[in-house]
Amino acid sequence: MRIALRPLTRTATVLAIAALTLLGLAQSAGARPVKADTDGRPNILVVMTDDMATSDIKFMPNVRKLLADQGTTFTDAVDSFPLCCPARATFITGQYAHNHGVKGNFSPYGWYGMKDRGNILPRWLQKSGYRTAAIGKWLNGYGALDGHGEIPKGFDTWRGLLDVSAYDYYNFVMNRNGKLKYWGDKDFARKLVEFANIEVTPNPTGIAGILTKLRQIFGNPPYTYWGAENEEDYSPDVTGQVTQNIVRREGKEKDPFFVWWSPAAPHREDVSTTLLGKPGPDPRPAMRFEPAVNQLMLPEPPSFNEADISDKSSNLIDNAPPLDSDDIAQLQLDYQGRAGSLMAVDEGVGDLVQTLRNTHQLKNTTIVFLSDNGWMQGEHRIPGDKYLPYEESLRVPLIIRGPGIPKGVKRSGQVSNVDFAPTLLDIANAKPGRTMDGVSLLPATKSKKRMPDRAIAIEALARLFENPNVPANRWDQPYTGVRTDDYTYVVWTETGEKELYDLKKDPYQLNNVVDDPAYASIRDELAAKLTTLENCKGKACDVPE
């Protein structure tokens, strides 16, 4: 993600800042096609975008028409830890980060810091009889340790992109069941993977170590080459086509499938566009959508470039001055690029639905559309980020379409990403290998009376950047908190500062009421819930609102 260059000058620090950013950053229903040897359970197709704001759904007509109109939308789905690797670890474990232990994106956390890596959702589904496949981005750091990458346990078909080539939309490396395949400029893609090793190894010298590694691999600045840029190599298109091929092939199999397509879109590309200084939008839109997205204007809600943040915690007050014209101009470009990347994903969704229809699998396939976390783009003066405990960062899209799922239904109560794995296991009639902190949402699709009625833990358990000489994103500091349908309460771990927002009266979180006497009883009640939730496990996480 591109970040505002503060407190250093913009021209003097772009490489250092970008480098640090890189491092910081059922029920069974229906039946399969009639065959004597099938078990009747539905296929499961998951489409997980990366850093998608809930408002971005407006760029995706196929998702709205083919999934939302034909299924159930949860309009208040919350990511308990809005950061890529912890969020994805929650998706494959059904646990809060304080239980699965992935407290950050990079060493000592990330994919290689996860404990019991073989005890995950795809393995549970595989053991229950599902044929399993993953395509696209995996968990942060994947492949950066050895330049190749393991095949995670639980997958029959593996098409994982190696970090950090996973974020380059034109030059990337895919592990295809143990064999590497390159797109774009092979040498440039290889360098991206080589550079990513600094994510998974100690770097005690901070910025100096990062820039030394950068120069060792890419040479000295200024940079004038950012790899190939061939339209046919656009990553969301490539991974989408690979997914279609797998889904088409699975139509000939007797067992149900679990296929997880995880395009990088709309995550920032980081290296080419920022670290190596390529001007323009970050990410780059699909070329065919450039004319359309160039007409889009960045929305500016009441929280955009918030005029007064004196009631926020000191990590924002001290490190988030007002956005300047350069910040806003870049946010505008990035907004257009994000839209163009999601339009490509939307086309892929349409193609996948058509492939399922053509292979007579659509009526017996549950499709789940979601994002790993949300995205802030100027709200509360943040020039592009997640991690923070504000609505744009916490909330994610969640749509479920499939046999037995009501059509065109919206459920407004809050749900959490700890519920996603239990829901898929319910659909598959499969058993978990871990204690689930969430609950299945299948009953809630049938009746709003069966929506979960509980408080949700929100947590960021380690600084995004551990090194004290990081000159930006200093606002990303640890916190724990509680979210209900009506309130968000946060305690910043290092300072003890608190924030409380009345989401009904103040949906843009402009007014911190933690010291308002009128909210004293609510604050105390939420603080008591937090005491239980911050270390809860399993059923103990079911804390009534």
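The values are calculated or read from the model by the stated rules, or taken from the named source; none is laboratory data. The model shown is predicted, which means the values in this text are computed figures rather than measured ones. Quick reminder, even Gly has a Cβ in these numbers, built from the backbone with ideal geometry, and neighbours come from all protein chains shown. We work out accessible area using only protein heavy atoms, side chains counted, and drop any ligands, DNA or RNA first. Shrake-Rupley method; radii C 1.70, N 1.55, O 1.52, S 1.80 Å.
Per residue, how many Å² of accessible area does segment 95-227 show with a 1.4 Å probe?
Per-residue value: 37 Å².
To two decimal places, what compactness ratio does segment 29-161 give when its Cα radius of gyration is scaled by 2.2 N^0.38 Å? Don't jump to the answer; show the numbers that get you there.
Numbers: Rg = 16.8 Å, N = 133, 2.2 N^0.38 = 14.1 Å.
Normalised Cα radius of gyration, segment 29-161: 1.19.
Over all pairs of distinct alpha carbons, what does the Kirkwood formula give as the hydrodynamic radius of the chain, in Å?
Computed over Cα pairs of the chain, the Kirkwood hydrodynamic radius comes out at 23.3 Å.
Just the number, please: carbon plus sulfur as a percent of the accessible area of the chain, 1.4 Å probe, no ligands or DNA/RNA counted.
On the way: 9690 of 19300 Å².
Result for the chain: 50 percent of the exposed heavy-atom area is carbon or sulfur.
Grab the eigenvalues of the alpha-carbon gyration tensor for segment 328-426, scale each by 5, take roots, and send me the semi-axes largest first in whole angstrom.
Values: eigenvalues 181, 77, 19 Å².
Semi-axes (√(5λ), whole Å): 30, 20, 10.
Taking only C-alpha pairs under 8 Å that are 6+ residues apart, what is the relative contact order of segment 292-351 in percent?
Details: 21 pairs, mean separation 30.6, N = 60.
RCO, segment 292-351: 51 percent.
Give the aspartates and glutamates whose C-alpha is closer than 16 Å to that of Lys127, dropping any in the same chain fewer than 8 places away, or say none.
Within the straight-line limit of under 16 Å, Lys127 reaches these aspartates and glutamates: Asp39, Asp156, Asp255, Asp426.
Determine the principal axes of the Cα atoms in segment 127-285, then give the extent along each, sorted from largest to smallest and rounded to whole angstroms.
Computed over segment 127-285, the largest-to-smallest principal extents equal 55, 34, 23 Å.
Stokes-Einstein diffusion coefficient for segment 225-373 at 20 °C in a medium of 1.002 mPa s, Rh from the Kirkwood formula over Cα pairs: what value in µm²/s?
Details: Rh = 18.1 Å.
Rounded to a whole number, D works out at 118 µm²/s.
Please identify the chymotrypsin sites (Phe, Trp or Tyr not before Pro) of segment 351-396 that satisfy two criteria: DSSP loop assignment and at most 14 other Cβ atoms within 10 Å. Which are they? Spell out each step's value before the answer.
Values: sites: Phe369, Trp375, Tyr387, Tyr390; in loops: Trp375, Tyr387, Tyr390.
Counting only loop positions with at most 14 other Cβ atoms within 10 Å, none of the chymotrypsin sites (Phe, Trp or Tyr not before Pro) in segment 351-396 qualifies.
Throw me the Rg/Rh for segment 474-545, computed over C-alpha atoms with Kirkwood Rh, two decimals.
Working: Rg = 12.4 Å, Rh = 12.9 Å.
The Rg/Rh ratio comes out at 0.97.
What fraction of the Cα pairs in segment 412-533, stated in percent, has a spacing above 24 angstrom? Show your work: numbers first, answer last.
Values: 3144 of 7381 pairs.
In whole percent, the share of Cα-Cα pairs in segment 412-533 beyond 24 Å is 43.
Tell me, what is the per residue accessible area of segment 387-522 in Å², probe radius 1.4 Å? Could you put the intermediate results ahead of the total?
Values: 5100 Å² over 136 residues.
Spelled out: the 1.4 Å probe surface of segment 387-522, per residue, equals 38 Å².
Among the trypsin sites (Lys or Arg not before Pro) in segment 398-492, which ones are in a DSSP loop with at most 12 other Cβ atoms within 10 Å of the Cβ? Mind listing them? Intermediate values should be presented prior to the final figure.
Values: sites: Arg401, Lys407, Lys410, Arg411, Arg434, Lys446, Lys448, Lys449, Arg450, Arg454, Arg463, Arg474, Arg483; in loops: Lys407, Arg434, Arg454, Arg463, Arg474.
Passing both the DSSP loop test and the Cβ count: Lys407.
Can you give me the convex hull volume of the Cα atoms of segment 39-98, divided per residue and expressed in Å³?
Values: hull volume 7.2 nm³, N = 60.
That works out to 120 Å³ per residue.
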